[in-house]
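First up is the structure itself, then whatever we jot down about it.
The values are calculated or read from the model by the stated rules, or taken from the named source; none is laboratory data. Computed from a predicted model, the values in this text were never measured in an experiment. No Cβ is skipped: glycine too gets one built from the backbone with ideal geometry, and neighbour counts run over all protein chains shown.
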Amino acid sequence: MNSHPNWIQVELIRGSRTFANSCWACVLVCGATGFLLVGLSSCFGEDLIPKLSSKQIAFIPQGLVMCFYGIAGLFLGLYLGCTIFWNVGSGYNFFDKREGFSSIFRWGFPGKNRRIQIRLVLRDIEAIVLRNQEGFFPNRILYLKMRGQRSIPLIRVGESSTPESIEEKAAELARFLRISIEGF
């Protein structure tokens, strides 16, 4: 978390514009293009990919299925590319003790609700909640527990962080806001 003066705290949130997402988008588009070209090669009876013969593949059903997977993969790659381009999920958490408010801001998909901003009064924050789910896919999420409202997530849901770093973020924010931590 970035601390400005003693009464302001800002944490920048990284969105979907990550190296891993970019690699997955490239792999997905390349693989889907390959599937589509092999399926179309079996349809036309001509090799669209040099040095890769598709004579053994019958168009119905293998070529048709490969075309379907290729088109589906291209759409998924396009979707992932758009989320990377628009950096969906990025934003910041802003806490101002002097003014007594907090602002949670995230970028969403284009449209009338692209800017997602939640303004909160600091005295309505009851606690910082840390949910830690262990297992094959561990999941650690930090929430703001509000009086009479839903909990608001403070970090990206898919963010892979160590338990120590999440606990440190929770402790630092709880010290700054002078509230308790739940879920340890």
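Structure above, values below:
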| quantity | calculated |
| --- | --- |
| Listing of strands (runs of 3 or more DSSP E) fully contained in region 87-184 that carry 2 or more residues being in contact with a helix residue (DSSP H, G or I) (Cβ under 9 Å, 6 or more places away or on another chain) | 91-96, 101-107, 125-133, 139-146, 180-182 |
| Residue 128 at pLDDT 95 or above, closer than 29 Å to residue 151 by Cβ and among the hydrophobic types (A, V, I, L, M, F, W, C) | no |
| Given (1) closer than 30 Å to residue 82 by Cβ; (2) surrounded by 15 or more Cβ atoms within 10 Å (Cβ to Cβ), number of the condition residue 115 does not satisfy | (2) |
| Checking residue 17 against (1) touching a residue at least 40 places away in the same chain (Cβ under 8 Å); (2) in a helix (DSSP H, G or I), the condition it does not meet | (2) |
| Enumeration of residues in region 44-92 that are in contact (Cβ under 8 Å) with a residue 12 or more places away in the chain, surrounded by fewer than 17 Cβ atoms within 10 Å (Cβ to Cβ) and more than 36 Å from the chain's Cα centre (by Cα) | 52, 57, 58 |
